[in-house]
Amino acid sequence: MARTLVETKLYAPHPRHVLVERTRLADRLNDAERARLVLVSAPTGFGKSTLLAAWAERRAAAGDAIAWVSLEPSDDDPTAFWTYVAAAIQRAVPAARAAATLLEDVEPPPVATVLAVLVNDLARVDADVTLVLDDFHVIQSSEVADQLAVLLERLPPRVRVAIATRADPAFPIGRLRAKGELVEVRAADLRFTTDETAAYLNEVMSLGLDAPDVTALEERTEGWIAALQLAALSMAGRDDPSAFIASFTGDDRFVVDYLIEEVLERQPDDVRAFLLETSILDRLTGDLCDALTGRSDGRNMLEALDRSNLFVVALDARREWYRYHHLFAELLRSRLNDERPSRGEGLHRRAAAWLEAHAERDAAIRHALAGRDWNRAADLLERAIPDLRRGRQELTLRRLLGALPPELMRTRPVLTIGYVGSLMSNGEIDDIDGLLADAERWLEADAPRSEMVVADEAELARLPSAIAMYRAAQSRIRGDDAASVEHAHRAHELAGPDDHLGRGGAAGFLALAAWTRGDLDEAHAHWTEAMASIERAGHLVDAIAIVRALAEIRAAQGRLRDARRTYERGLEAATTGRAVPLRGTADLHTGLAELALEANDLDGAAEHLRRSAELDDLGLGLPQNAARRRVVAALVRAAEGDPAAALNVLEEAEGVYLGEYFPIVRPIPALRARLWLLAGRPADAEDWAAACGLSVDTPVGYLREYELVTLARVLVARSARVGDAAPMRDAAMLLERVVTAADAGGRRRTAMECLVLLSIAGDQLGEKPRSLAALHRALDLAAPEGYVRPFVGEGEPMTALLKAAIAHGIRVPLARRLLAAAETPPKQPLPEPLSGRELEVLGLLATELSGPEIAERLVVGLSTVRSHTKRIYAKLDVNGRRAAVRRADELGLLPNATRR
Amino acid sequence: MWGCTIPRLPPTVDAVNDHATGRSGMDHIGGSGRRGHGARHYEIRIAGHLDTRWAAWFEGMSLTHAPDGTTTLTGIVADQSALHGLLQKLRDIGVPLLSVQGDQE
C-alpha cells in the first residue's frame, strides 16, 4: 500500500543557531568509529537532538549517508516504525530500497522479513551509514524494541545507529557495552559545564555576566540547557540581569515554571497568544496556524520565532514546517490548559478541519478526538477503516474506535461494522451481538433512514452481506455450523457482483461447513470459488491459506498428485516475480513435505521442512505453521524409525499450537497414541484409548475417523501383545465400518489405511483370502497416485503380505516397488551429508552470483550465507568456492542446471 | 490464515476444535484485585516547587509544596498504566523525580 509518509519526520535538522561548540562531546562521538550504537539518553531539554544533528552534519560532510527519523507516538507500531526507518534509509542511500519497496506492497510482508531485507540492503551500501532515531522514548512496544535489537545484532560493519531518548531503550545494551560497541552520552555529559555556561551566556547571547552570576545560574539550572536558554531569553534586553539572577536563584520554584513565566511575560500580547494557541500542534505551518488563530501572520510569526530562537525547530529545508521544542510545547500546553481550559477543544477542532482538508488523515483523527469533535472523528475513521485493515493496524483501529462515544455508533452502521471487525480480530467477541443488531436495524424497511449517518457510501452497499458474514463467523466460533451455513448463504446472495471479498468470504464459510461435515467435493468447490473471488479482491495471502485447504482436501480424497499440483501452483504464485515470497509460503512447503512423506521421499520431506522453518523465521508462515510443520516433522522422524524423537517433536508442536480454523482431522493426542505404539509403549496408548471417549461402537464421522482408526491400531496391538483374538476382531469390525463411511464420502486416504490394517488383521486372524482382498483394494487405491508410506510404514507384517501379494499375482509391479522401498536403507554420499539448504547454497556458489546476491536470493542474511559456506567447505574438505564447486561436481551434488 | 480479511477471526477461538489438543482453550490468567493493580492513593515527590497551575495537567492530583524545596503530588491513581502515564508526563517536562509511594492496601 502506498502509505503517505510525513516527509518532515525524515528530515535531518540543521540547527541554525549553534549555541556552543561542544568539542568534548563531539570528540566522544568521533571516537565512536567502532560503535554500533550511539545512545544519547537524558531528560528533555538537554540538547540531545542538537548534539546528534551537529554530529550527523559532520559525518555527512565526511561522506556518510545519514538516515534520520524523528519518531512520533503513532510510530509505536512495528509496521509504522519500520516503514519510516526503511524510508529514511532509502532517502539516504537510494540504492538501498528493497525494504522500503516491500513495505509499499498491498500486503506488506512481516517485519522479520523486512528486517532481513533491510540488513541485506545495508550490507551492499558502499558508504558509511548512520541511522538516527530521534525521540525514541515514544516507542513503548517491546515488539519494536526487540526488532531493533535484532537489527543491531546483524548490523553490517559500516552501519551505525544513534538513538536519542528520554528513557533507556527496552533492549539489553550490556553486550554491546562489553564489546566496546556502545557509546553512551547521558545527562551528566550533556549538561553545560561552568565554562560552557559562560560561553553561552556571554559569547553567544552577549549578556556580559560576571563570574558569580554565571556560577549562580549554572547551579540553579544544574546545567540544564533548556533552562539556561529560557533564562537567557528572560535576561536579553534587561537593564539589570544580576537582579533577575538574584530573584531567580533565591526562588524554590521548579526552574522552568519560573522561567517560562518570565519569557512569556516579556513577549508582546500577539506573540504570547500565538504561542499558546498553536501549542497544541505537533507540526506547524503558517496556513495551519492561521486556521487556529484566525489571523493571517502565521508564516511571519514562525519565521520571527525561528529568528529570535524561541524554541522552534525547522522541519524542512524550505522552512515551511516547524515544531516547537518538546519541553517548550509542554509548558505552553499546560498554560493554555490552565488559563483557558475551554479553549483547547475549539483549537483542536480547527486543527482537525484544516488537516482533513489537507489530507493529513492521521493527524486530523488525533485532533478531532482531542477536540471531542466526534462526528468528524467518526467520519474520518469510517473512511480510514479499509486502509488501516489492509495495513494490519487492527490494534490501532480498535483503540481509535474504542475512543468514540458508544451512542455515536448507533446511528452509524458502517462504522459499527468496522468496529465489529476490529473487535473480532482482537478476540473480543462478547459485545458483537448487540453491535450487529444495532447495525441491522438500519436495514429494516421501516428504519428512519434520514437519521442514519454514513461517511463511506461504498461500504453501505456491502453492509447487508457484511452483517450476514459476521453472523456466519460468530456462529462458526460458537460451533453452530448449521447457523453458520445459513448466514453464509445469505451473505453470498446479498453480496454484489463486484463485492469480491464478500462473495469470497461467504464461499469460504460454506466451504468450512462442508469440510467439517466431510463433504469433500462440495468443500473443494466452495474453496475454489472463494479463492477466485479473493484473488480478484487482491488478497493474495488469504488465497494461500485456501491453497492449503484445497490441497488437504485432495489429499484426504487420496488424490496425491492433485494435492501436490495444488501446492506447487500455489508456490509458483507465491514466489514468481517477487523479491520476497508471500506470507504463507512456509505453509506450502509444510504441505509438500507431508505429501513427499506419503511417497516415502524422506529426503524431500526433510528438505521442504527445512525450507518451511527458514521461511517461518522470516515471518513468512501463517500462524498455524509453527505447530503444523512440527507435526509433519514428527511423522518424518517416525518414518525414519525414531519414534522417541518423533514424540519430542510432537511435544514441541503442542507447545506452539495456536488453534485452527480448518476442521481438525488429525488431533494431536491421537497422533501421540500412534507414536506410543511405534515406540513400544502400548500401555500409554491404551490409556489414551480409555480416555478418548470412543469405543468400537462410536458412530463414524469424518472428524472422528483419525481417532477411530487410532483406536483400531491400539486394539490390534493389544491383541498381539496379550495373544487374544477378540480385540483384533473388534478392530476389524470397527475398520470395516470406517471403510464403508470413508468409501461413501470419497475419503480414499482413510479407506486405504483401513484396508491396509484390515489386511494385517485378517492375516493375524488366519483369514488369508480376506486379508489379500483387502490388500488388493488398498493397492488399487494407491496405484495411480504413488502412495508408498501407508504400506511401508506398517513394517514387518506388511513386508510379508506384499510378498504374498506378489506370489498371488496381485498388483505385482506395484507390490514389488513397495517391497523394494521397505527394504532400502537411505543412502549416505559423504561422511557427513550436506543438508538440503547447504545443497541449495552450493548450487548458487556454482553460479556467478556474489555473496550478497546469494543472500538476497535465499532471503537470508549475508552472515547466514557465510556460515553455510563454511560448513559446506568443511564437509567437502576444501578451502574455497572454486574447489568446493569442483568437488561437488565430481560427487554429482550439483543440480543439472548449474552443473558445468 | 483463512479469514485474514474477510471477517478476520480471532487467532485462537477454537470452540469446535477443543479436542485437538485435549486442552481447554480457556486459560484465563490473573484478574483484578491483585496487589498494586487497582486504584490506590499515591504520593509522588519531585524536586522544586511545581506551580499549582499544573494540577489540571496532572489529572486532578493535588500539589503540596514542602519547605525543603520539593513538591508532593497526591491523589487517587486508577491503575498501573495511569501511574506510568503520570510519571511520563513528569518526565516530559523534565522534573526530577525523587520518590513514588503507593498506599498499602
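I'd like to check something: does region A:302-321 contain any residue that is among the acidic types (D, E) and surrounded by 20 or more Cβ atoms within 10 Å (Cβ to Cβ)? Break it down into steps so the answer makes sense when it comes.
Filtering region A:302-321 for residues among the acidic types (D, E) gives A:303, A:306, A:316, A:320.
The next check asks that each one be surrounded by 20 or more Cβ atoms within 10 Å (Cβ to Cβ); those that pass are none.
No, the conditions are met nowhere in region A:302-321.
On the given criteria, is A:S334 within 14 Å of chain B (Cβ to nearest Cβ), free of Cβ contacts under 8 Å to residues at least 24 places away in the same chain and buried (at least 21 other Cβ atoms within 10 Å of the Cβ)?
Details: within 14 Å of chain B (Cβ to nearest Cβ): yes; free of Cβ contacts under 8 Å to residues at least 24 places away in the same chain: yes; buried (at least 21 other Cβ atoms within 10 Å of the Cβ): yes.
Taking the combined requirement at face value, the residue satisfies it.
State yes or no: is A:D603 in contact (Cβ under 8 Å) with a residue 40 or more places away in the chain, over 21 Å from A:T101 (Cβ atoms), more than 14 Å from chain B (Cβ to nearest Cβ) and not aliphatic (A, V, I, L, M)?
Working: in contact (Cβ under 8 Å) with a residue 40 or more places away in the chain: yes; over 21 Å from A:T101 (Cβ atoms): yes; more than 14 Å from chain B (Cβ to nearest Cβ): yes; not aliphatic (A, V, I, L, M): yes.
Judged against the criteria, A:D603 is a match.
Might you let me know whether region A:78-85 holds any residue that is more than 14 Å from chain B (Cβ to nearest Cβ), at pLDDT 90 or above, in contact with a strand residue (DSSP E or B) (Cβ under 8 Å, 6 or more places away or on another chain) and part of a helix (DSSP H, G or I)?
First, the residues of region A:78-85 that are more than 14 Å from chain B (Cβ to nearest Cβ): A:78-85.
Imposing the further condition that a residue be at pLDDT 90 or above reduces the set to A:81-85.
In the following step, the residues that additionally are in contact with a strand residue (DSSP E or B) (Cβ under 8 Å, 6 or more places away or on another chain) were identified as A:84-85.
From what's left, part of a helix (DSSP H, G or I): A:84-85.
For region A:78-85, residues more than 14 Å from chain B (Cβ to nearest Cβ), at pLDDT 90 or above, in contact with a strand residue (DSSP E or B) (Cβ under 8 Å, 6 or more places away or on another chain) and part of a helix (DSSP H, G or I): present.
Report, by residue number, each residue of region A:527-563 that is of a type outside the set (V, I, T), closer than 21 Å to A:A742 by Cβ and assigned to a helix (DSSP H, G or I).
The initial filter retains those residues of region A:527-563 that are of a type outside the set (V, I, T), namely A:527, A:529-533, A:535-540, A:542-543, A:545, A:548-552, A:554-563.
After this cut, where a residue has to be closer than 21 Å to A:A742 by Cβ as well, the list is A:527, A:549-552, A:554-563.
If the condition is that a residue be of a type outside the set (V, I, T), closer than 21 Å to A:A742 by Cβ and assigned to a helix (DSSP H, G or I), then A:W527, A:A549, A:L550, A:A551, A:E552, A:R554, A:A555, A:A556, A:L560, A:R561, A:D562, A:A563 are the ones that fit.
Go through region A:197-229 and report how many residues are within 12 Å of another protein chain (Cβ to nearest Cβ) and not aromatic (F, W, Y).
The first filter runs over region A:197-229 and keeps only residues within 12 Å of another protein chain (Cβ to nearest Cβ), leaving A:220-222, A:224-227.
Now drop any that are not not aromatic (F, W, Y), which leaves A:220-222, A:225-227.
Of the residues in that region, 6 qualify.
Condition first: farther than 19 Å from A:A378 by Cα, surrounded by fewer than 20 Cβ atoms within 10 Å (Cβ to Cβ) and among the hydrophobic types (A, V, I, L, M, F, W, C). Can you find one or more residues in region A:449-464 that meet it?
No, that holds for no residue.
How about region B:50-72: which of its residues are closer than 22 Å to B:A82 by Cα, part of a loop (DSSP other than H, G, I, E, B) and at the interface with chain A (Cβ under 8 Å from one of its Cβ atoms)?
Quick first cut of region B:50-72, residues closer than 22 Å to B:A82 by Cα only: B:50-64, B:71-72.
From what is left, the residues that are part of a loop (DSSP other than H, G, I, E, B) are B:50-51, B:55-61.
Correct list: B:L50, B:D51, B:A56, B:W57.
Could you tell me which numbered condition A:V414 fails, if it satisfies all but one of (1) within 20 Å of A:A370 (Cβ to Cβ); (2) away from every other protein chain (no Cβ under 14 Å); (3) of a type in the set (A, V, I, L, M, F, W, C)?
Result: A:V414 passes all but (1).
Within region A:719-734, how many residues are modelled with pLDDT under 95 and charged (D, E, K, R)?
The qualifying residues number 2.
Within region A:519-538, which residues are more than 10 Å from chain B (Cβ to nearest Cβ), of a type in the set (G, A, S) and buried (at least 23 other Cβ atoms within 10 Å of the Cβ)?
The one that is more than 10 Å from chain B (Cβ to nearest Cβ), of a type in the set (G, A, S) and buried (at least 23 other Cβ atoms within 10 Å of the Cβ): A:A523.
Hey, could you check region B:75-99 for residues that are under 29 Å from A:L230 (Cα atoms) and more than 13 Å from chain A (Cβ to nearest Cβ) and say which is surrounded by the fewest Cβ atoms within 10 Å (Cβ to Cβ)?
Among residues in region B:75-99 that are under 29 Å from A:L230 (Cα atoms) and more than 13 Å from chain A (Cβ to nearest Cβ), the one surrounded by the fewest Cβ atoms within 10 Å (Cβ to Cβ) is B:S99.
Any idea how many residues of region A:782-796 are surrounded by fewer than 17 Cβ atoms within 10 Å (Cβ to Cβ) and not charged (D, E, K, R)?
Of region A:782-796, the ones surrounded by fewer than 17 Cβ atoms within 10 Å (Cβ to Cβ) are A:783-784, A:786, A:795-796.
Now restrict to residues that are not charged (D, E, K, R): A:783-784, A:786, A:795.
The number of residues fulfilling the criteria is 4.
Suppose the filter is within 14 Å of chain B (Cβ to nearest Cβ), touching a residue at least 12 places away in the same chain (Cβ under 8 Å), surrounded by 15 or more Cβ atoms within 10 Å (Cβ to Cβ) and closer than 21 Å to A:S206 by Cα; does A:A232 pass it?
Numbers: within 14 Å of chain B (Cβ to nearest Cβ): no; touching a residue at least 12 places away in the same chain (Cβ under 8 Å): yes; surrounded by 15 or more Cβ atoms within 10 Å (Cβ to Cβ): yes; closer than 21 Å to A:S206 by Cα: yes.
So A:A232 does not fit the description; no.
From the list A:L259, A:L275, pick out the single residue that is over 23 Å from A:P212 (Cα atoms) and either in contact with a helix residue (DSSP H, G or I) (Cβ under 9 Å, 6 or more places away or on another chain) or of a type in the set (A, V, I, L, M, F, W, C) (or both). Reasoning before the result, please.
Working: A:L259 fails: over 23 Å from A:P212 (Cα atoms).
Every option except A:L275 fails the conditions.
This table checks each residue for (1) away from chain B (no Cβ under 14 Å); (2) over 30 Å from A:V256 (Cβ atoms); (3) over 34 Å from the mean Cα position of the chain (by Cα); (4) of a type in the set (S, T, Y).
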| position | (1), (2), (3), (4) |
| --- | --- |
| A:D316 | yes, no, no, no |
| A:Y322 | yes, no, no, yes |
| A:L347 | yes, no, yes, no |
| A:A370 | yes, no, no, no |
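In region A:593-610, how many are within 22 Å of A:H868 (Cβ to Cβ) and surrounded by 22 or more Cβ atoms within 10 Å (Cβ to Cβ)?
4
Filter region A:419-436 down to the residues that are farther than 15 Å from A:E407 by Cβ, assigned to a helix (DSSP H, G or I) and free of Cβ contacts under 8 Å to residues at least 40 places away in the same chain and list them by number.
Quick first cut of region A:419-436, residues farther than 15 Å from A:E407 by Cβ only: A:420-430, A:432-433, A:436.
Still in the running and assigned to a helix (DSSP H, G or I): A:420-425, A:432-433, A:436.
Of everything in region A:419-436, those that are farther than 15 Å from A:E407 by Cβ, assigned to a helix (DSSP H, G or I) and free of Cβ contacts under 8 Å to residues at least 40 places away in the same chain turn out to be A:S422, A:L423, A:S425, A:L436.
Would you check which residues across region A:351-400 are among the aliphatic types (A, V, I, L, M) and surrounded by fewer than 19 Cβ atoms within 10 Å (Cβ to Cβ) and list them?
Step one: list which residues in region A:351-400 are among the aliphatic types (A, V, I, L, M), which gives A:351-353, A:355, A:357, A:359, A:363-365, A:368-370, A:377-378, A:380-381, A:384-385, A:388, A:395, A:397, A:400.
A:A353, A:A357, A:A359, A:A370, A:L395, listed by residue number.
Mind listing whichever residues of region A:58-96 are surrounded by fewer than 16 Cβ atoms within 10 Å (Cβ to Cβ) and in contact with a helix residue (DSSP H, G or I) (Cβ under 7 Å, 6 or more places away or on another chain)?
A:P73
Evaluate region A:644-661: report whether one residue or more is buried (at least 23 other Cβ atoms within 10 Å of the Cβ), farther than 29 Å from A:A116 by Cβ and free of Cβ contacts under 8 Å to residues at least 40 places away in the same chain.
Yes, region A:644-661 contains a residue that is buried (at least 23 other Cβ atoms within 10 Å of the Cβ), farther than 29 Å from A:A116 by Cβ and free of Cβ contacts under 8 Å to residues at least 40 places away in the same chain.
Among the residues of region A:488-511, is there at least one that is assigned to a helix (DSSP H, G or I), at pLDDT 90 or above, within 16 Å of A:I664 (Cα to Cα) and more than 10 Å from chain B (Cβ to nearest Cβ)?
No, every residue in region A:488-511 fails to be assigned to a helix (DSSP H, G or I), at pLDDT 90 or above, within 16 Å of A:I664 (Cα to Cα) and more than 10 Å from chain B (Cβ to nearest Cβ).
The values are calculated or read from the model by the stated rules, or taken from the named source; none is laboratory data. Values in this document were obtained by computation on a predicted structure and should not be read as measured data. Here Cβ is always computed from backbone atoms with ideal geometry, including for glycine, and neighbour counts include all displayed protein chains.
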